[in-house]
Amino acid sequence: MISVVFDVGETLVDDTREWRAWADWLGVPPHTMSALVGAVTAQGRDNADALRLIRPGLDLLAERQARIDAGCGEQITKADLYGDVLKTLADLRAQGLWVGIAGNQTTRAGDCLRALDLPADAIITSQEWGVAKPDPRFFARLTEWAPGAPDEIVYVGDHPANDTEPAKAAGLRTVLVRRGPWGYLWADDPAGGGAADWVVDSLAELPGLLR
């Protein structure tokens, strides 16, 4: 059985709302946050480093909990999904493919995604597994979780270093989607998008590609 597994941030979900929430929480204008995200992206750094540039030494887990305690924890609604997501997931399932969602997200984000009743067979997050990409153990868990042999699993993401490169190293097939800061920046780089089996401009290309 062929499985298609999707990353979350900037693959399925437009992260604009979450970055704006962080900007508000840390007391900076949204354009400052966007610029810092762009800077750490260009440097190949963890996107959380954008937050630490604003508040050096920031403890991400503690700060997330503080946001929750203050009633402004992360939210994901259908309005946050990219426009090609729902139809693509439904079309892939209609073709008989198993569809999963597994990304570097919190348990709270996983709960939000499951509450949307998406056309997916299973949803899991790195916090629920206790290991995050690009750690090879994340993709070892993924190959146990998704049906099929590793070369029968297609992993779709926007981030070469977190998604396509470690997935390919684990024996999966890979798709890089050109969107979000990482996707646009690295899609045409031989060491970025060049490492993927396919590069697409829209998830809507996947049903035809994988038919």
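The values are calculated or read from the model by the stated rules, or taken from the named source; none is laboratory data. Note that the structure is predicted; figures quoted are calculated from it, not measured. Because the Cβ atoms are built from the backbone with ideal geometry, glycine has one as well, and the counts that use them run over all protein chains shown. Note: accessible area is taken over every heavy atom of the protein model, side chains too, but ligands, DNA and RNA are not part of it. Shrake-Rupley method; radii C 1.70, N 1.55, O 1.52, S 1.80 Å.
Quick notes on this structure:
- Residue 178 vs. criteria of a type in the set (D, E, K, R) and touching a residue at least 40 places away in the same chain (Cβ under 8 Å): no
- Within the stretch 1-20, restricting attention to residues that are more than 17 Å from residue 38 (Cα to Cα) and not β-branched (Val, Ile, Thr), the residue that is most open to solvent (accessible area, probe 1.4 Å) is 1.
- If you filter the stretch 65-74 down to residues that are assigned to a helix (DSSP H, G or I) and farther than 19 Å from residue 132 by Cα, you find that the one that is farthest from the chain's Cα centre (by Cα) is 69.
- Every pair of residues 6+ apart whose Cβ atoms lie under 7 Å, when the first sits in the stretch 183-211 and is closer than 21 Å to residue 14 by Cα and open to solvent by 30 Å² or more (accessible area, probe 1.4 Å) while the second is polar (S, T, N, Q) and modelled with pLDDT of 95 or more: 204/88
- Test for residue 109: is it under 25 Å from residue 18 (Cα atoms), modelled with pLDDT of 95 or more and under 15 Å from the mean Cα position of the chain (by Cα): yes
- Within the stretch 75-95, tally of residues that are assigned to a loop (DSSP other than H, G, I, E, B) and open to solvent by less than 40 Å² (accessible area, probe 1.4 Å): 2
- Evaluated against (1) touching a helix residue (DSSP H, G or I) at 6+ places or on another chain (Cβ under 8 Å); (2) closer than 17 Å to residue 177 by Cβ; (3) open to solvent by 60 Å² or more (accessible area, probe 1.4 Å), residue 68 falls short on exactly one condition, (2).
- Members of the stretch 96-106 found to be under 15 Å from the mean Cα position of the chain (by Cα) and either within 19 Å of residue 147 (Cβ to Cβ) or not in a loop (DSSP other than H, G, I, E, B) (or both), listed by number: 99, 100, 101, 102, 103
- The residues in the stretch 25-45 that are of a type outside the set (A, V, I, L, M, F, W, C) and exposed (fewer than 13 other Cβ atoms within 10 Å of the Cβ) can be counted, and the count is 5.
- Number of positions in the stretch 130-182 that are open to solvent by 30 Å² or more (accessible area, probe 1.4 Å) and either within 25 Å of residue 84 (Cα to Cα) or of a type outside the set (S, T, N, Q) (or both): 27
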